[in-house]
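This report refers to the structure that appears directly beneath it.
The values are calculated or read from the model by the stated rules, or taken from the named source; none is laboratory data. Just so we're clear, the structure is a prediction, and the values are computed from it rather than from any experiment. Glycine gets a Cβ as well: all are built from the backbone with ideal geometry, and neighbour counts include every protein chain shown. Please note that ligands, DNA and RNA were not included when accessible areas were found on the heavy atoms of the full protein model with its side chains. Shrake-Rupley method; radii C 1.70, N 1.55, O 1.52, S 1.80 Å.
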Amino acid sequence: PFSGRLDARVRLQGRGRSVAQVLGGAQGRVQARLRDGRASHVAVELAGLDVAQALGVTLRGDDALQIACASLDVPVQAGVAQPVDAVVDTRDSTLWSDGRLSLADERLQLLARVVPKDTSPLALRSPLRVDGTLGAPAWHVQRGALARRVMPALALAAVHPALGLLPMVDRAGAAEKADAQARVERCKGILQQPL
């Protein structure tokens, strides 16, 4: 779903008699950026649970989106990478995640979000939680956010089926847009730094 040239810099220090011990107490930073990147349009729409646009893109053919900015910045202290700040910005949406990753036990606690730059008539957009381990990650849609969209749709559909679509119309709010823009600006800053 993603392609491009990946530049990365890993600066970690640690001590131990095994790789696990070294990583379990590591200190440092991991930075990466994607240059000349492209992303599957269908993958971007599915990440945002945008049913209508994902279906439309699938029917007319998956056109790759140019990635305006993609970066990863992860400070590591005592074997814990936190916050894991990852951003992918396209003309359609801004995808970002944050959270933590323990290098000692390889456990993930990440939250991924998609902020659309357009309006969609049928979207179930909800944050995505990623937990579990690096070897067996588990993906979960945040049920509360999804329920806040689906429950009103069901109630309105009981009155009239067409009304049930109203809560599914998706457009990012001002706070979401501002948060996404701040993350894109940080991403651009990382792109300007030498690795």
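Structural remarks
- Farthest toward positive dipole pole in the stretch 18-137 [+1 Lys/Arg, -1 Asp/Glu at C-beta], among ALA43, ALA32, ALA54: ALA32
- Around ALA20: net Lys/Arg minus Asp/Glu count, Cβ-Cβ under 14 Å: +1
- Answer label for Kirkwood radius over Cα pairs in Å (calculated), chosen among (i) 17.5; (ii) 18.3; (iii) 24.0: (ii)
- Residue with peak Gaussian network fluctuation, the chain [Cα springs, cutoff 10 Å], from ALA70, ALA175, ALA153: ALA175
- The residues packed around ALA68, meaning those with a beta-carbon under 14 Å from its beta-carbon, carry a net charge of +4 if Lys and Arg are +1 and Asp and Glu are -1.
- A dipole drawn for the stretch 1-108 from +1 and -1 charges on Cβ atoms has a positive end, and of VAL76, ALA64, VAL88 the residue lying farthest that way is VAL76.
- Within the accessible area of the chain (1.4 Å probe), percent carbon and sulfur: 59 percent
- Within the shell defined by Cβ-Cβ distances under 12 Å, the residues around VAL130 carry a net charge of +2, with Lys and Arg each +1 and Asp and Glu each -1.
- Average accessible area per residue (Å²) across the stretch 61-126 - probe 1.4 Å, nucleic acids and ligands excluded: 41 Å²
- Rel. contact order, % - alpha carbon contacts under 8 angstrom, at least six apart, the chain: 17 percent
- Kyte-Doolittle mean at least 0.0, axial Cα span of 18 Å or more - DSSP H helices of the chain: 143-159
- The stretch 63-113, relative contact order in percent, only Cα pairs under 8 angstrom and at least six apart counted: 30 percent
- The chain: calculated mean residue ellipticity at 222 nm from DSSP helix runs of at least 4, using -39500 (n - 2.57): -9500 deg cm²/dmol
- Global form of the stretch 90-160, assessed from the alpha-carbon gyration tensor, a/c cut-off 1.5: oblate
- Distance (nanometres) between label positions extended 7 Å along Cα→Cβ at ALA138 and ASP7: 3.9 nm
- Cα centre as origin, Lys/Arg/Asp/Glu Cβ charges: the chain dipole, Debye: 460 debye
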